[in-house]
Amino acid sequence: MTDHNPAMKHKWLIPAAAIIALFLVILYALGLIGAGDKVEPGTQDIAAKPVPPNARTLVVGQRKTDDVQFWPGTIRSRTVARIAPKYTTRIISIEVNAGDSVKKGQVLARLDEREATASLNEAHARLAAARAQAAQAIADEKRIRVLYEKQAATRENYDAVIARSRAAQANVKQAANAVEQLRVSLGENSLRAPFDGIISQRLKEPGDMGLAGEPIVVLQKPEDLRLEVAIPNFCASRVRTGMAVDVRVDALDKVLKAKIDEITPQIDIETRTQLVKAALPKTEGLQPGLLAWLMLNCSDEHQAILIPVSAVLHYGQLEAVTIVKDDHVYTRHIRTGKQYGDEVEVLSGLRDGETILINSGSPE
């Protein structure tokens, strides 16, 4: 059966023609048709216009630049005290929070002394038993000496009794030392600050079990601060103790002058980094825990084209500059790299001796 309806037969021609026209427009815009010789990406001059009045220009060229890199680290105190109980007991109260300033001798936490008191009582009982055994052993020693001198006891019996006596007396000294240690620990049921400082961490809560040697809070001196940062060992090899470095602290919006005072010789086998520590000057607002950046040049100087950041134009993901040539300006796409302060490195799109516009000028 044949379709004799011309409208139905050619209804697809209109959208097809529209698609073809759109495709041709795209090819023209990309310079693939009707544009003469091709220009490498990043170097194509677009839309020539007269140079604006009062325009400021810059002749670009290769310059030496340091490859300064930023390594993140944490500001820490050189003096740190981890406040922990000397015996295992329950925590009754903690008097401070993270960030609190404390004075030397101030109570930081209180411990339950009932278990320590019970332990002390048990130690006293063991001491009493040890003393009783020692008294009996000393009496046996005196008796065996008399019998041995009268040749009424063998040398073997004599040596055995003497050894038991010496062991019993040693047990008394051991039990007495245990009593003294528990007595001293019992007097430390209140944990106090050993120096003026700031509480950097609170690791336990009231009701928790405080374990011997396990910190409850961490105390730091806020004045003596340094930056601790792990950097690749290839870069650490360029660092020396006493070397002056710059440290950027974003929270303070400042760059501080610091000095390397310690380089850990051990290399982390997983990250291939070394810990570097830089002493920081006393600065208002500087405190432990802040993020900071160690600024280091880890490679040799290299030649690069640097232009003001303000001269770079942005079109979405694309970057461009305004080229000045023969009293006209052209927009040219470029690709930038690392930024150095107010300048940025141009990786492609510019050549030595070319002139760019660094401001838009003003109307006549």
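What follows is calculated from the coordinates using simple rules that are stated; it is not laboratory data. All values reported here derive from a predicted model rather than from experimental measurement. In this analysis, Cβ positions are derived from the backbone assuming ideal geometry, glycine residues included, and neighbour counts consider all displayed protein chains.
Annotations for the structure displayed:
- Cα radius of gyration and Dmax for the range 104-177 (Å): 20.0, 68
- Around residue 76: net Lys/Arg minus Asp/Glu count, Cβ-Cβ under 9 Å: +2
- Surrounding net charge for residue 138, when Lys and Arg each add one and Asp and Glu each subtract one, Cβ distance under 12 Å: +4
- Taking a sphere under 13 Å around the Cβ of residue 287 and counting the other residues whose Cβ falls inside, with K and R at +1 and D and E at -1, yields a net charge of 0.
- For the residue pairs 64/338; 86/173; 86/204; 103/259; 204/282; 254/282, the alpha carbons lie more than 19 Å apart in 86/173; 103/259; 204/282.
- If you bin all the Cα-Cα distances of the range 55-124 at 10 Å, starting from zero, the percentages per bin are 12, 24, 18, 12, 9, 9, 8, 5, 3, 0.
- Rg to Rh, two decimals, where the range 220-355 supplies the alpha carbon set and Rh follows Kirkwood: 1.12
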